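Enquirer: Input: one structure, supplied below.
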Amino acid sequence: MRKQPPDQLAEAARDWNKEPYELRLFIAGSSPRSLRAIENLRSICRQLLPHRFNLEVIDILLHPDSASRADIIGAPTLIKDQPPPRRRLVGDLSNRGRVLSALGLSGSFNIGP
């Protein structure tokens, strides 16, 4: 088997799953935890899922009906609707390993903070 140069391996890893990620992040206003969650998630998505994610940020203070329909009991809460399986994670998303696991990306990438 022929070895691929490191840059081709990195490119192959980035393209391993072309299905777009559909994400909803429920926040509570502009609290520090909400702002941290937005920044942490955007950073991970830009780095690992460039041009392959749709992120909807929903403020539960402005849209309580959306939070109720999604059974949100705390904020921030991330819901990954696609690709399956559907997953949910509560918190400011600062634990990179937990976020990668919720997104189904753990073990696929070894990229620092």
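Where a number appears in this text, it was derived from the coordinates with a stated rule and is not lab data. Remember, predicted model here, so these are calculated numbers, not experimental data. Here the Cβ is made from the backbone with ideal geometry for all residues, glycine too, and neighbour counts use every protein chain on show.
Enquirer: Residues in the range 21-41 near a label at VAL57, defined as backbone nitrogen under 15 Å from the 7 Å Cα→Cβ point?
Expert: The answer is 23-41, whose backbone nitrogens lie closer than 15 Å to the label point.
Enquirer: Right, next: Report the extension gain between SER66 and SER43 in nm, rounded to one decimal, defined as 0.36 nm multiplied by the number of residues separating them, less their alpha carbon distance.
Expert: Values: separation 23, 0.36 × 23 = 8.28 nm, distance 2.48 nm.
Between SER66 and SER43, full extension yields an extra 5.8 nm.
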